[in-house]
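What follows is one structure encoded as structure tokens, with my remarks underneath.
The values are calculated or read from the model by the stated rules, or taken from the named source; none is laboratory data. If you're wondering where the values come from, they're calculated on a predicted model, not measured in any experiment. Positions of Cβ are backbone-derived with ideal geometry, glycine not excepted, and every protein chain shown enters the neighbour counts. Heads up: the accessible areas ignore ligands, DNA and RNA and are worked out on the full protein's heavy atoms, side chains in. Shrake-Rupley method; radii C 1.70, N 1.55, O 1.52, S 1.80 Å.
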Amino acid sequence: MRYGYFDDNNREYVITRPDTPLPWINYLGCQEYFGIVSNTAGGYSFFRDARLRRLTRYRYNNVPFDLGGRYIYLRDDESGAYWSPSWQPTRHDAERYSCRHGMGYSVIGSTYQGIRAETCYFVPLNARLEVWRVTITNERLKRAAVSAFSLVEFCLWDAQDDATNFQRNFSIGQVELDDGVIYHKTEYRERRDHFAWFACSGELAGFDTQREAFLGPWRGWDKPVVVEQGRSANSMAHGWAPIGSHHVRMLLEPGETRQLVFVLGYHENPTDSKFDPPGSQIVNKKLVKPAIARYRDLECVDASFAALRAYWDETLGICQVATPDVHTDRMVNVWNAYQCMATFNMSRSASFYESGIGRGLGFRDSNQDLLGFVHMVPARARERILDLAATQLPSGGAYHQYQPLTKRGNNDVGSNFNDDPHWLILGVAAYLKETGDWSILDEPVPYDNQPGSEETLYGHLLRSFQYTLDRLGPHGLPLIGRADWNDCLNLNCFSDTPGQSFQTTTNKEGKTAESIFIGGLFVLAGKELAAIAQRRGHTSEAASYEVASRAMEETVRAHGWDGEWFVRAYDDFGNKVGSRECAEGKIYIEPQGFCVLAGIGLEDGIARKALNSVRRHLATPHGIVLQQPAYSQYYIHLGEISSYPPGYKENAGIFCHNNPWVIIAEAMLGNGDAAHDYYTRINPSAREPISDVHRCEPYVYAQMIAGRDAPTHGEAKNSWLTGTAAWNFYAITQWILGIRPEYEGLRIEPVIPERWTGFTATRRFRGVTYKIRVERAGPGNTVALSVDGKTIEGRVVTPPANGKAEITVDVRLGGAGA
Ligand code: BGC
Ligand code: NOJ
């Protein structure tokens with residue numbers, strides 16, 4: 001069953017009923033000012049950091065689930081009827097409800113008693129504010145007197161403190177009203193230099209800034225007394241809960257349409273001119289007034305919306321494909337790329353499943369996110385790499401997370417996740433391959449942000465690699481530390497205390513438990529590092545990384561091969577995890593995918609064997625589960641993985657993030673049918689017809705789909721912020737469609753399904769547009785290339801020397817030849 005449809009031409013998903021199984025959300029903003037908006041206008045906004053600069057309040061895990069947001073209430077001033085065009089919070093039986101989630105905007109509206117209203121929410125480019133453009137049409141045959149009320153509830157900045165420290169917070173709320181603009185200035189009197197403002201383009205009939213005055217005693221958002229009575233209370237907040245609400249009255253002739261704009265913004269003043277007049281306690285508004293004036297103007301709002309759309313046309317235009325499969329096209333051309341922008345910006349911090357409070361940017365996560373983002377805005381990828389590297393520790397290890405506002409490593413979580421440093425090597429490699437910008441390697445970058453400790457980024461990569469060589473276990477495999485990619489395989493934790501963090505508690509010395517997954521990762525990182533060193537002219541260094549990588553490959557073969565598949569790890573007792581010797585958790589997906597991806601066993605058939613085992617033991621119609629058999633009980637020596645009920649999350653859920661590793665592995669072995677089949681099983685667009693089973697948004701990947709051991713097999717959770725986005729984009733574009741940036745140029749090596757007769761693609765790469773036409777000449781994956789009509793040797797197209805801005809690449813795929 002579906003709850004809407006894809007409007008591919010407009011790059012929108014159109015939700016046609018408000019009662020989706022879960023809130024289906026979108027992100028507003030892609031630079032500094034961000035918001036989450038659900039299909040019923042729920043959600044919240046923040047500036048840069050979802051925890052430390054939260055602008056509006058949101059109560060998680062509410063009842064109903066999604067309550068509180070950017071609400072408009074309309075009231076028929078003759079009958080007294082009132083409703084919200086976004087359905088929530090009044091939940092009236094509106095007609096023609098729709099929510100169009102697009103690229104950086106959402107348009108939500110409905111019709112009630114002949115009044116059509118819809119609101120376009122978006123964050124303009126290069127602005128620290130969000131716009132709500134409300135369009136109201138009187139579809140009645142007679143004149144209508146309509147009141148509109150806006151509503152936001154302000155958050156007192158630190159979302160964690162806001163939700164817990166009421167003994168203080170109920171007394172500190174402060175606002176100002178000036179020229180109809182509501183200024184939220186809690187704590188501005190003391191150490192803050194920032195405030196929020198909420199403005200309206202229309203003439204005000206009234207306003208409110210105190211929540212209880214707006215709602216009335218013992219009322220909720222669905223029945224504000226002010227809306228019911230059609231009259232604002234003109235309240236000023238002193239403590240308690242500051243809100244922003246404007247009231248505008250309109251007389252609409254039959255057929256008449258009126259637009260109103262509400263703007264919520266964030267502003268920082270220089271510390272020495274916070275007040276105006278100086279010495280007073282009044283917020284200095286001089287610097288923010290121009291922005292307020294600009295965005296209260298409807299023409300300016302229209303122009304900034306057009307600019308946002310143009311930005312996304314341009315950004316998505318970097319990689320566009322036309323294949324025989326609509327689900328592939330939709331994800332590659334629109335939604336998967338768009339999700340990669342969200343994961344780049346948010347890491348795993350703010351979604352409907354991530355509270356924005358718990359986590360900053362993850363080192364491992366953000367490096368992997370680059371794989372799907374770097375082609376879109378390379379300059380921001382460059383900055384991110386340097387920020388991440390600056391949180392690396394002198395040991396080569398890294399803080400597991402850092403706060404985006406301060407860019408400092410998060411001490412609460414600390415380090416010792418022994419896979420972390422290698423992702424930096426892979427992230428940098430992806431950047432170099434996309435951009436050819438080798439200068440990044442010479443950038444001086446500190447360790448742990450300590451001035452004076454700077455070393456080149458290249459030096460950081462060497463320490464990343466060395467980190468593992470300094471931490472080898474009894475079999476010569478990498479020690480796992482707190483955890484590797486699988487945060488829930490906690491082999492040194494041994495936790496028997498409720499509430500203890502599985503990730504940061506380590507009750508064992510950590511000198512025994514080893515990870516075959518990190519082994520594979522090290523082999524791959526070693527190859528990349530060797531390739532980088534070679535190109536920088538460090539030939540003997542390059543050789544040593546190759547040797548180390550090869551030696552690890554041998555160790556993995558000797559101690560990490562179980563006969564039919566790769567072992568997952570050795571535990572603290574030196575016993576195997578993910579082996580036929582185990583009673584449960586005999587086979588894990590991660591080492592099968594990643595060891596093959598690292599090139600282990602391609603020649604002698606063990607890679608094929610491992611992938612066959614994946615097919616036999618782990619593949620389900622809804623995707624590939626993480627391990628089998630699921631753990632039926634808690635095992636203290638395995639940690640959080642066995643804390644989950646079978647089939648959920650890391651305990652044998654379909655952890656979508658690592659499905660693309662198997663997809664890539666199948667493509668590497670030339671099996672396009674299998675690769676694309678696995679790709680399709682978790683492709684959200686392909687799952688749209690079973691939205692009632694899948695339940696999460698059909699336009700973005702979820703972190704997890706319940707596995708075959710779960711009572712709700714096929715049900716997705718934790719949508720949006722997942723490494724699945726980057727890895728699937730990378731898998732489909734670079735390995736199945738085979739358009740793969742390499743150090744020397746663009747490799748074109750498709751491994752597509754046999755039944756596909758070909759596809760076309762446009763890819764901008766290092767300033768040149770490649771028009772690629774692939775035609776299948778027969779079965780198989782042989783490739784013969786010609787560039788602008790001339791046959792070329794090999795499969796890598798080097799950037800044209802003649803300054804051409806566009807080239808045509810014809811690819812003859814399969815059949816006899818090359
Ligand atoms: C989740 C993991 C996550 C970890 C760290 C665990 O509870 O299952 O997916 O990576 O927490 O936040
Ligand atoms: C989510 C985390 O963000 C990611 O870093 C980790 O690899 C996966 N969970 C698997 O545990």
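Report the gain in length on full extension from ARG191 to LEU125: 0.36 nm times residue separation, minus Cα-Cα distance, nm rounded to one decimal.
Gain in length upon complete extension: 20.9 nm.
How large, in percent, is the carbon and sulfur part of the accessible surface of the range 108-181 at a probe radius of 1.4 Å? Please report the intermediate quantities before stating the final value.
Values: 1160 of 2480 Å².
About 47 percent, which is the carbon plus sulfur part of the accessible surface.
Which of the lysines could a cross-linker bridge to LYS289, judged by Cα under 26 Å and excluding same-chain residues fewer than eight apart?
LYS185, LYS274
Along the range 733-739, what does the Karplus equation 6.51 cos²θ - 1.76 cosθ + 1.60 (θ = phi - 60°) give for ³J(HN,Hα), rounded to whole Hz, x for Gly and Pro?
6, 8, 10, 7, 6, x, 9
Points 7 angstrom from Cα along the Cβ direction at ALA583 and SER540: gap in nanometres?
Here the answer is 5.5 nm between the modelled labels.
Out of the total accessible area of the range 293-408 (probe 1.4 Å, heavy atoms of protein only), what percent is carbon and sulfur? List each step's numbers first, then the result.
Details: 1850 of 3380 Å².
Looking at the range 293-408 in its full context, I get 55 percent from C and S.
Expressed in nm to one decimal, what extension gain is obtained for the pair ARG550 and TYR743 from 0.36 nm per residue of sequence separation less their Cα-Cα distance? If you can, show how the numbers build up before the last one.
Details: separation 193, 0.36 × 193 = 69.48 nm, distance 2.13 nm.
Length difference between fully extended and current span is 67.3 nm.
Would you kindly calculate the mean projected area, averaged across all directions, of the convex hull enclosing the Cα atoms of the chain, in square nanometres?
Quarter of the Cα hull surface area: 35.6 nm².
Could you tally the net charge around LEU215, taking each other residue with its Cβ under 13 Å from the Cβ of LEU215, Lys/Arg +1 and Asp/Glu -1?
Overall, the nearby charge balance is -2.
Set the bar at 26 Å for Cα to Cα. Now go through LYS508/LYS576; LYS527/LYS717; LYS609/LYS771; LYS286/LYS407; LYS407/LYS508 and name every pair that lies beyond it.
Those over the limit are LYS527/LYS717; LYS609/LYS771; LYS286/LYS407; LYS407/LYS508.
Can you run phi through the Karplus equation (6.51, -1.76, 1.60; θ = phi - 60°) for the range 641-649 and list ³J(HN,Hα) in whole Hz, with x for Gly and Pro?
3, 8, 7, 7, x, x, x, 10, 6
Which distance in nm do the two modelled labels at GLU139 and LEU177 give, with both placed 7 Å along the Cα-to-Cβ direction?
Between GLU139 and LEU177, the simple spin-label model gives 3.5 nm.
Return the FRET efficiency for the residue pair ILE318, GLU383: r is the Cβ-Cβ distance, R0 is 22 Å, and the value is rounded to the nearest 0.05.
0.75
Within the range 1-45, list the residues whose amide N lies under 18 Å from a label point set 7 Å along Cα→Cβ of THR712.
1-3, 19-25, by backbone N distance to the label point.
Taking the alpha-carbon distance from LYS223 and a cut-off under 16 Å, which aspartates and glutamates remain once sequence neighbours fewer than 8 residues away in the same chain are dropped?
Partners found: ASP76, ASP77, ASP93, GLU153, ASP208, GLU212.
Calculated FRET efficiency, LEU405 and ALA801, Cβ-Cβ r, R0 41 Å, to nearest 0.05? Intermediate values should be presented prior to the final figure.
On the way: r = 45 Å, r/R0 = 1.09.
Efficiency, from the Cβ-Cβ distance: 0.35.
According to a simple spin-label model (label point 7 Å from Cα along Cα-to-Cβ), what is the distance in nm between THR164 and THR791?
7.0 nm
Can you run phi through the Karplus equation (6.51, -1.76, 1.60; θ = phi - 60°) for the range 44-59 and list ³J(HN,Hα) in whole Hz, with x for Gly and Pro?
8, 10, 7, 9, 6, 10, 5, 8, 8, 10, 7, 8, 10, 8, 9, 9
Find out how many positive minus negative residues lie around TYR311, taking Lys and Arg as positive, Asp and Glu as negative, among other residues whose Cβ is under 14 Å from that of TYR311.
Once all neighbours under 14 Å are counted, the net charge is +1.
LYS286 to GLU299: extension gain in nm, 0.36 nm per residue of separation minus the Cα-Cα distance?
Values: separation 13, 0.36 × 13 = 4.68 nm, distance 2.26 nm.
Going from the current span to full extension adds 2.4 nm.
Per residue, what accessible area does the chain have, given a 1.4 Å probe and all protein chains present, in Å²?
Computed with neighbouring chains in place, this is 34 Å² per residue.
What residues from the range 17-36 fall in the zone where the backbone N is under 12 Å from a label point 7 Å along the Cα-to-C-beta line of GLU268?
Under cut-off, by backbone N: 32-33.
Heavy atoms only, probe 1.4 Å: what % of the accessible area of the range 553-665 goes to carbon and sulfur, would you let me know?
Ligands and nucleic acids excluded, carbon and sulfur reach 51 percent.
Give the cross-link partners of LYS804 among the aspartates and glutamates, using a straight C-alpha distance below 13 Å as the criterion and excluding same-chain residues fewer than 8 apart.
Qualifying aspartates and glutamates at Cα under 13 Å: ASP788.
Would you mind giving the three semi-axes, in whole Å and largest first, of the ellipsoid equivalent to the range 48-170 according to its Cα gyration tensor?
Taking √(5λ) for each Cα gyration eigenvalue gives 30, 18, 13 Å.
What does the charge count around SER395 come to, taking other residues whose C-beta lies under 15 Å from its C-beta (Lys +1, Arg +1, Asp -1, Glu -1)?
Working: positive: ARG463, ARG471, ARG482; negative: ASP419, ASP420, ASP448, GLU455, ASP470.
Computed value for this residue: -2.
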